[in-house]
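Right, one structure below, let's go through it.
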Protein chains: 2
Amino acid sequence: METLPEQLLFRLQEQIVRGELTPGQRLAESELASRYGVSRGPLREAIRRLEARRLVEVAPRTGARVVDFDAEQLADVYQAREALEGMAARLAAQAMTDAEIEQLSQLLDHHEQSIAADEGQHYLQDEGDVDFHYRLAAGSHNAVLVGMLCDELYQLVRLFRHRFSSVRDRPITALSEHRAIVEALRERDGELAELLMRRHIAKARRSALSAFADAQANAAGTKVKSASTERTATKSSFQTTTSD
Amino acid sequence: METLPEQLLFRLQEQIVRGELTPGQRLAESELASRYGVSRGPLREAIRRLEARRLVEVAPRTGARVVDFDAEQLADVYQAREALEGMAARLAAQAMTDAEIEQLSQLLDHHEQSIAADEGQHYLQDEGDVDFHYRLAAGSHNAVLVGMLCDELYQLVRLFRHRFSSVRDRPITALSEHRAIVEALRERDGELAELLMRRHIAKARRSALSAFADAQANAAGTKVKSASTERTATKSSFQTTTSD
DNA sequence: TTGACCCATATTGTCGACAATAATCTACGG
DNA sequence: CCGTAGATTATTGTCGACAATATGGGTCAA
């Protein structure tokens with residue numbers, strides 16, 4: 001059986017990423033502890049680990065809040081991701097086995113089918129996309145890169161997407177970019193793989209930023225004075241375009 | 001006044017980086033707690049934060065140990081650093097103010113004087129080098145990059161260096177590389193700054209790896225069966241060359 | 001002598017309680 | 001009516017204790 005803080009970490013992380021805990025919302029230790037039927041100790045540790053993943057911000061003697069990011073923070077995350085994942089692609093071109101590359105290619109086949117079948121929820125497509133990037137990061141066989149990407153940045157990306165309920169109008173474009181990357185891996189061309197990955201993510205960054213700007217503008221229109229006590233960020237769930 | 005886990009974090013971090021706590025050494029909660037005159041709670045939190053910084057490894061229900069890295073882990077850190085710091089240099093070329101760049105340049109002047117004066121301890125030179133990279137990372141004005149580099153990777157690099165007691169036989173080379181980077185910043189050439197920084201760190205990686213290999217060989221010569229109970233990694237403190 | 005099994009010990013995981021600090025509400029004065 | 005000061009309440013920071021588990025030593029048998 002797992003240790004308690006670990007379980008709490010994953011449960012809270014899912015709640016945050018899936019928007020069940022809204023950005024800016026306060027995380028009271030006692031309340032959450034009693035809700036999950038544990039003591040404050042393990043829950044406190046879970047919150048600190050969420051802080052390390054940048055999913056919550058804690059101020060000393062004040063408590064923890066779910067992150068409420070702005071455009072700058074969003075850009076920061078994508079820039080860091082561009083650097084790390086570019087390097088991961090470069091390394092993966094040499095480190096991945098033929099079998100791993102083939103597996104990755106098959107994953108893209110599966111994505112193509114999902115898109116063709118038009119499986120309604122971009123929800124699933126997003127998770128599939130994360131899955132691709134997740135596996136490629138793992139393919140670098142670099143524990144530091146894997147940790148930074150999978151444990152920190154990808155969770156934030158998932159949060160961003162859910163927050164915007166962004167649907168990609170060009171999953172086909174993203175898919176073809178993914179295929180190009182896999183092709184570079186097949187040819188063991190690390191330099192090309194890095195270049196393609198960086199362009200891919202730079203594109204995603206621009207899309208995400210414009211989506212955020214739109215959401216911001218929309219929120220400004222339907223503006224209600226958000227109570228400072230429990231400022232539950234106005235959940236603007238309209239459709240925007242994001243390709244990644 | 002700061003919070004208790006914060007203080008403990010820094011104190012333990014210094015102890016680890018400076019080698020006062022040797023790689024592989026066990027960190028018993030009760031013992032450390034009584035030593036620092038605190039309870040197990042805050043100390044436990046400090047250890048978890050050290051884990052997030054990759055300075056200790058904790059196994060559930062077994063306890064925490066100071067990291068004992070191998071060549072692979074060392075390479076992983078430098079590769080991640082190459083990616084992140086390259087991006088930081090690129091961003092800094094646009095984000096840093098003229099005053100910040102000038103300040104950085106003056107720091108290098110100070111380094112040059114230190115080298116000319118041959119201030120015995122490469123100790124100080126190392127810290128100066130870290131200072132340069134630290135400030136450049138900050139110059140990116142990207143909170144994610146700063147956090148990943150300053151809080152995680154730089155501490156590990158400091159640990160590596162102390163572990164090898166590596167002295168750089170070419171601090172002049174490193175200095176000229178630093179100057180070239182600053183020059184690129186002055187010209188606001190982000191692309192060049194990234195390229196130079198990546199080459200700079202790649203060079204440092206190769207030096208560190210060969211230094212590690214030498215240390216490994218040396219340790220094999222003076223091999224004593226290290227007690228598994230308190231395996232205090234054979235502190236091989238001989239001179240090697242590392243340029244960074 | 002060597003190996004495995006069992007028991008004693010030490011350490012970690014978890015809990016509830018107390019102390020210190022921040023946030024909130026109320027009352028008072030301008 | 002509004003702003004400020006004080007008191008009250010709630011929440012976090014820290015502590016010590018108990019329970020569960022891993023580690024180490026000793027014993028016994030082969």
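The values are calculated or read from the model by the stated rules, or taken from the named source; none is laboratory data. Keep in mind the model is a prediction, meaning the values are calculated, not measured. Positions of Cβ are generated from backbone atoms using ideal geometry, with glycine treated the same way; all protein chains shown enter the neighbour counts.
Does the stretch A:100-111 include one or more residues that are at the interface with chain B (Cβ under 9 Å from one of its Cβ atoms), within 30 Å of residue A:188 (Cβ to Cβ) and away from DNA strand C (no atom under 16 Å from the Cβ)? The answer is no, given that none of the residues of the stretch A:100-111 is at the interface with chain B (Cβ under 9 Å from one of its Cβ atoms), within 30 Å of residue A:188 (Cβ to Cβ) and away from DNA strand C (no atom under 16 Å from the Cβ). When residue B:42 is tested against (1) closer than 27 Å to residue B:165 by Cβ; (2) not in a loop (DSSP other than H, G, I, E, B), only condition (1) is not met. For the stretch A:43-61, which positions are without any contact (Cβ under 8 Å) to a residue 40 or more places away in the chain, more than 10 Å from chain B (Cβ to nearest Cβ) and within 23 Å of residue A:2 (Cβ to Cβ)? Correct list: A:43, A:47.
The set of residues in the stretch A:82-114 being of a type in the set (Gly, Ala, Ser) and surrounded by fewer than 21 Cβ atoms within 10 Å (Cβ to Cβ) consists of A:95, A:99, A:105, A:114.
For every residue, the table says whether it meets (1) among the β-branched types (Val, Ile, Thr); (2) within 13 Å of DNA strand D (Cβ to nearest atom).
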| residue | (1), (2) |
| --- | --- |
| B:45 | no, yes |
| B:58 | yes, yes |
| B:71 | no, no |
| B:76 | no, no |
| B:102 | no, no |
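Screening the candidates A:80, A:89 for the property of being of a type in the set (Gly, Ala, Ser) and either under 14 Å from the mean Cα position of the chain (by Cα) or not in a helix (DSSP H, G or I) (or both) yields one hit, A:80.
Count of the stretch A:1-15 residues, restricted to those that are among the hydroxyl-bearing types (Ser, Thr, Tyr) and in contact with a strand residue (DSSP E or B) (Cβ under 9 Å, 6 or more places away or on another chain), is 0. Restricting attention to the stretch A:62-76, does a residue exist that is surrounded by fewer than 18 Cβ atoms within 10 Å (Cβ to Cβ), more than 26 Å from residue A:216 (Cα to Cα) and within 14 Å of chain B (Cβ to nearest Cβ)? The answer is yes, given that some residue of the stretch A:62-76 is surrounded by fewer than 18 Cβ atoms within 10 Å (Cβ to Cβ), more than 26 Å from residue A:216 (Cα to Cα) and within 14 Å of chain B (Cβ to nearest Cβ). Selection of the stretch B:24-43 for residues being within 13 Å of DNA strand D (Cβ to nearest atom) and hydrophobic (A, V, I, L, M, F, W, C) yields B:28, B:32, B:33, B:38, B:43. Evaluation of residue B:11 against the conditions (1) basic (Lys, Arg); (2) near DNA strand C (Cβ under 9 Å from one of its atoms); (3) over 19 Å from residue A:4 (Cα atoms) shows that the sole unmet condition is (2).
Looking at residue A:11, is it in a helix (DSSP H, G or I), within 16 Å of DNA strand D (Cβ to nearest atom) and modelled with pLDDT of 95 or more? Judged against the criteria, residue A:11 is not a match.
Looking at this structure, is residue A:191 assigned to a helix (DSSP H, G or I), surrounded by fewer than 18 Cβ atoms within 10 Å (Cβ to Cβ) and either of a type in the set (Ser, Thr, Tyr) or at pLDDT 60 or above (or both)? Here the answer is yes, as residue A:191 does meet what is asked.
Screening residue A:5 with (1) part of a helix (DSSP H, G or I); (2) crowded, with 16+ Cβ neighbours inside 10 Å; (3) within 15 Å of DNA strand D (Cβ to nearest atom); (4) more than 14 Å from chain B (Cβ to nearest Cβ) gives one miss only, at (4). Selection over the stretch B:27-38 of residues that are more than 14 Å from every other protein chain (Cβ to nearest Cβ), closer than 26 Å to residue B:162 by Cβ and within 12 Å of DNA strand C (Cβ to nearest atom) gives a count of 5. Scan the stretch B:142-153 and give yes if some residue there is in contact (Cβ under 8 Å) with a residue 12 or more places away in the chain, over 30 Å from residue B:23 (Cα atoms) and in a helix (DSSP H, G or I), otherwise no. Within the stretch B:142-153 (the criterion being in contact (Cβ under 8 Å) with a residue 12 or more places away in the chain, over 30 Å from residue B:23 (Cα atoms) and in a helix (DSSP H, G or I)), the answer is no, since none of the residues qualifies.
Among the residues that make up the stretch A:79-95, is at least one of them closer than 28 Å to residue B:6 by Cα, within 12 Å of another protein chain (Cβ to nearest Cβ) and free of Cβ contacts under 8 Å to residues at least 24 places away in the same chain? No: zero hits.
Any residue at all in the stretch B:123-130 that's surrounded by 22 or more Cβ atoms within 10 Å (Cβ to Cβ) and closer than 28 Å to residue A:57 by Cβ? No; the residues of the stretch B:123-130 include none that is surrounded by 22 or more Cβ atoms within 10 Å (Cβ to Cβ) and closer than 28 Å to residue A:57 by Cβ. Against the test of being away from DNA strand C (no atom under 16 Å from the Cβ) and either small (Gly, Ala, Ser) or in the same structural domain as residue A:178 (by TED's automatic domain parsing) (or both), the options A:41, A:63, A:24, A:86 yield a single qualifying residue, A:86.
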